[in-house]
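The values are calculated or read from the model by the stated rules, or taken from the named source; none is laboratory data. All of these numbers come straight from a predicted model, not from anything done at the bench. Every residue, glycine among them, receives a Cβ derived from its backbone with ideal geometry; neighbour counts consider all protein chains shown.
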Amino acid sequence: MTDTKPTIAVVLSGCGVYDGAEIHESTLTLLALDRQGAAYQCFAPDVEQAHVINHLSGEVSDESRNVLVESARIARGAIKDMKEFDAADFDAIIFPGGFGAAKNLCSFAFDGAECTVNDDVRAAVKAVHGAGKPIGALCIAPAMIARVLEGAVVTIGQDPDTAAAIQTMGGDHKTTTHGEIVIDEALRLVTSPCYMLDATISQIADGADNTVRTVLDMVKQDRKAA
């Protein structure tokens, strides 16, 4: 058992809901970790975004951006390439949502149940799971986890098409509402719908808080057992 702060990896997917990490979900996850006594390190893959969306008009923009560089905006520059991730250095990993999780971390937004997952992201999920450590995922990110971990019990809220795709990938989707979480005890996985529902920022905070609290409770259990 150790008295040091839990250290959690937070994986970002750019900056902005339509083509990157959802900013509210990301910052509220970091806030919840800090307020609940955990340290964190942000990561993102060093790859080009699938595309760039003008967040004012909603149109695709004729430019290219890098996922790691854009994610650094949220992390205030304190971020590492996903290739540097080592599961041994962290107590858990959390994935905020946003379309970037479904476009840049994997191709779910384009390919649905046939999606592929970024190699470094897949390796990170597999390594954390293999070490028996907790995984958290918000919004659309649970769909990516369901692609990596067979049989994952997750929630993305109430969208029937996304839920059906998760089932097709071999996952088990549970319907939830604002702030609720689903816990897969076998896989040590905690998920919450966040902006997959029409939500207020306070409701997003509830989802992030509840996910972080449950992940950290799992970490505490691990430390007591050590």
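Here are the numbers:
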| read-out | value |
| --- | --- |
| Single condition residue 21 does not satisfy, out of (1) surrounded by fewer than 23 Cβ atoms within 10 Å (Cβ to Cβ); (2) on the phi < 0 side of the Ramachandran plot; (3) assigned to a loop (DSSP other than H, G, I, E, B) | (1) |
| Any hit, the stretch 43-50, residues being in a loop (DSSP other than H, G, I, E, B), among the polar types (S, T, N, Q) and surrounded by fewer than 19 Cβ atoms within 10 Å (Cβ to Cβ) | no |
| Residue pairs meeting the criteria (Cβ under 6 Å; at least 6 apart or on separate chains; first more than 15 Å from residue 203 (Cβ to Cβ), in the stretch 167-191; second β-branched (Val, Ile, Thr) and not in a strand (DSSP E or B)) | 173/166; 190/181; 190/211; 190/214; 190/215 |
| Residue check for residue 203: under 22 Å from residue 10 (Cα atoms), free of Cβ contacts under 8 Å to residues at least 60 places away in the same chain, in a helix (DSSP H, G or I) and within 18 Å of the chain's Cα centre (by Cα) | yes |
| Single unsatisfied condition, residue 97 versus (1) in contact with a Leu (Cβ under 7 Å, 6 or more places away or on another chain); (2) within 26 Å of residue 223 (Cβ to Cβ); (3) not polar (S, T, N, Q) | (2) |
| Failed condition for residue 76, given (1) on the phi > 0 side of the Ramachandran plot; (2) touching a residue at least 40 places away in the same chain (Cβ under 8 Å) | (2) |
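Condition check ((1) surrounded by fewer than 16 Cβ atoms within 10 Å (Cβ to Cβ); (2) at pLDDT 95 or above; (3) under 13 Å from the mean Cα position of the chain (by Cα); (4) of a type in the set (Lys, Arg)) across all residues:
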| site | (1), (2), (3), (4) |
| --- | --- |
| 94 | no, yes, yes, no |
| 100 | no, yes, yes, no |
| 106 | no, yes, yes, no |
| 137 | no, yes, yes, no |
| 140 | no, yes, yes, no |
| 158 | yes, yes, no, no |
| 161 | yes, yes, no, no |
| 165 | no, yes, no, no |
